[in-house]
Amino acid sequence: MPKIEVNEQLFFNQIGKKYSYDELERKLTCGKAELDEKPDTSLPEDKRVIKIELNDTNRPDLWSTNGVARQIRLHNGGKTVDYMKLMSNHGNNNYENRVVEVDAALKDVRPYMVAFMIAGKPIDEPMLLDIIQTQEKLCWNFGRKRKSISMGVYRIDQIKFPVKYHAVDPDKTSFVPLQCESPMTCRQILTDHPKGKDFGWILADCKKFPLLSDAKDEVLSMAPIINSATLGAVQVGDKDLMVELTGDNIENLILSANIVACDFADEGYEIKPILVKHPYDTGLGKDIMVPFYYQPTTKATLSHINKLLGSSFTEKEVIEALNRMGNSVTSEKKGDDVEFTLAPPPYRNDFLHEVDVIEDVMIGRDLETFNPEKPNDFTIGRLLPITQFSRKTKNILVGLGYQEMIFNYVGSRQDYIEKMNIDGSDVIEIANPMSENYQFIRSSIISSLLKAESVSANAIFPHKIFEIGKVAYICDEENTGTRTRQSLGFLTAANNANFNSAASELSALLYYLDHKYEVKESSDPRFIPGRQAAIMVNGKKVGVFGEVHPSVLENWAITVPCVAGELDLEELL
């Protein structure tokens, strides 16, 4: 979980009240945080550092001194800045000829950029350290180690607009990066500069690199690796600064920009937008000015709130609780119920479901106000029916000569879609994955079995393996839009593996599971046409089996025939 370090004096000044460390420990719960380490009290207050651990990763706005302080201040009933006045789509849209032009060649490299300006007073040391910390936490955790989000800060008085965000030849373009005194080519930075060694993997396979330079061709930075030593070296005492963020997800970039802008606004800085002109559509238009409010509203009902929390809150109490979390809320009578419509602040985008609203009600009311209750029912622990049924199925398959395997549920597009010859329309994709290798949730166990077989050529044949585990897929019938099921996948690899042998083993399995079944013609692209069948129980399809298609075997570099199948155990239960 993220950990941050806050300057004690800056932190308590922003809260508007000084707490003892024990009191602070209790207050931090409203920000899903706890005190990680107390400071050295022998130091003066402006030199003390409080270490705080965040217990959740869905609130990146809390990964800074001002973010945590804001949440505590609001939870105490305090006032804060009217952040909507900062939003470019709510009146703050005078960019005063501050323009960034994006090169069309960056569309397939690092396509999006947003930027804004802060002005009003010089940066002091605690604020500069907090800027650096916020930059690192956002870009490392939320930005997937700078791959999706990177951030740069520059002295704007030395920048001549319009600024260019353009693609350059990495072997023919050079500048002096931070921590260096002589120019280096962009390609050389990846191999010789410390930051290039850390983050060069992001650009290593790109034919052109992204560069940010002003109208005088002075380089600001090579995103997402390193700033220049001239315009990118911010120091204590600098006054007007330009903040830019580049990446591959426009909504996450805007959210990050909103977070940083709101942090500066809390410190009394003026926020001025910068117009970034993209030659292609970003999903939110071509011309982007941040801060920008794009968060959708979320609804919840009073009856559901009280049912889930075991409470009897009134309409007024719910609104007060949500306001203490920084939200704007309206309510409307719906028969005997009350429906709340929540609009999150511009620095939050973590409301996906009614339950998220209910969680904010709980935290806004304060966890200590909920009285603990002893269980009033006596219960005995037992296995779920599906667990018992799965164990019975495992015993049968072991008796048929199969070996049990256990695999991850998360994998890559290549493994779950491309190598399986499917279109992937029902495969769940993770919105903000940490790695391309863990970007999709498996919708079938067969791909996992084939992956194991692809590295088992040296083992004595035949290979008979199975797994019973979870699969998940997109399903419009479910409230969440997805459905998770307990599934059985099995595979045999042998020179004589064929449809008939798989059919006989399937018959034995379903006989001992006490199920009558039928087979019908199937057209699954993973199997050979005419050598596959859908498994029908009580007129409903519960699975599929057949000879694996040669192109699928070729994708996995498997050189022996394979038969495989899959059954939805929950349908058989």
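The values are calculated or read from the model by the stated rules, or taken from the named source; none is laboratory data. Bear in mind the structure is a predicted one, so any value in this text is a computation, not a measurement. In this analysis, Cβ positions are derived from the backbone assuming ideal geometry, glycine residues included, and neighbour counts consider all displayed protein chains. Surface accessibility is based on the protein's heavy atoms, side chains included, excluding ligands, DNA and RNA. Shrake-Rupley method; radii C 1.70, N 1.55, O 1.52, S 1.80 Å.
Relative to the longest principal axis of the Cα atoms of the chain, the long axis of helix 385-399 lies at roughly 50 degrees. Around Lys195, what is the net charge, scoring Lys/Arg as +1 and Asp/Glu as -1 over all other residues with Cβ under 15 Å from its Cβ? With Lys, Arg at +1 and Asp, Glu at -1, the neighbours total +2. As a fraction of the 1.4 Å probe accessible area of the chain, surface on carbon and sulfur atoms comes out at 48 percent.
For the chain, the relative contact order works out to 11 percent when only alpha carbon pairs closer than 8 Å and six or more residues apart are counted. Heavy-atom accessible area with a 1.4 Å probe sorts Trp63, Trp201, largest first, into Trp201, Trp63.
Annotation: per residue accessible area for the range 211-316 equals 35 Å², rounded to a whole number [probe 1.4 Å, protein chains only]. In the chain the longest region clear of trypsin sites (Lys or Arg not before Pro) that are loop-assigned by DSSP and have at most 16 other C-beta atoms within 10 Å covers 383-515.
Given a 1.4 Å probe and the protein chains as shown, Met325 ends up with an accessible area of around 0 Å².
Sparse packing (at most 12 other Cβ atoms within 10 Å of the Cβ) combined with a DSSP loop state is found for the following GluC sites (Glu not before Pro) in the range 299-387: Glu373.
Within the shell defined by Cβ-Cβ distances under 11 Å, the residues around Ser435 carry a net charge of +2, with Lys and Arg each +1 and Asp and Glu each -1.
Using equal-weight Cα scatterers in the Debye expression, the normalised intensity of the chain in log10 at q = 0.09, 0.11 Å⁻¹ is -0.88, -1.11.
In a reduced charge model with +1 at each Lys and Arg Cβ and -1 at each Asp and Glu Cβ, the range 342-425 shows a dipole moment near 660 debye about its Cα centre.
Quick check for you: with a 1.4 Å probe and neighbouring chains kept, what is the accessible area per residue of the range 1-74, in Å²? Mind dumping the intermediate values first?
Values: 3180 Å² over 74 residues.
Accessible area per residue: 43 Å².
Need one word for the range 429-573: rounded, prolate or oblate. Basis is the Cα gyration tensor (sqrt eigenvalues a ≥ b ≥ c); a/c below 1.5 gives rounded, then a/b vs b/c decides. Oblate, since a/c reaches 1.5 and b/c is not below a/b. Along the axis of the charge dipole computed for the range 42-152 (Cβ charges of +1 for Lys and Arg, -1 for Asp and Glu, origin at the Cα centre), the listed residues His75, Gly91, Phe116 are led at the positive end by His75. Bridging of Lys374 to lysines at a Cα separation below 24 Å is possible for Lys307, once same-chain residues fewer than 8 apart are set aside. Only helices enter the 222 nm calculation for the chain: every DSSP H run of n ≥ 4 contributes -39,500 (n - 2.57), and dividing by all residues gives -7500 deg cm²/dmol, rounded to 500. Cα centroid separation, the range 227-289 to the range 1-17: 23 Å. When you restrict to C-alpha pairs under 8 Å that are six or more residues apart and normalise by the size of the range 149-284, the relative contact order lands at 31 percent.
Could you work out the relative contact order of the range 92-233? I mean the mean sequence separation of Cα pairs under 8 Å and 6+ apart, divided by the number of residues, in percent.
Worked out over the range 92-233, it gives 27 percent.
Charged neighbours of Gln295, selected by a Cβ distance under 15 Å, balance to -2 (K, R count +1; D, E count -1).
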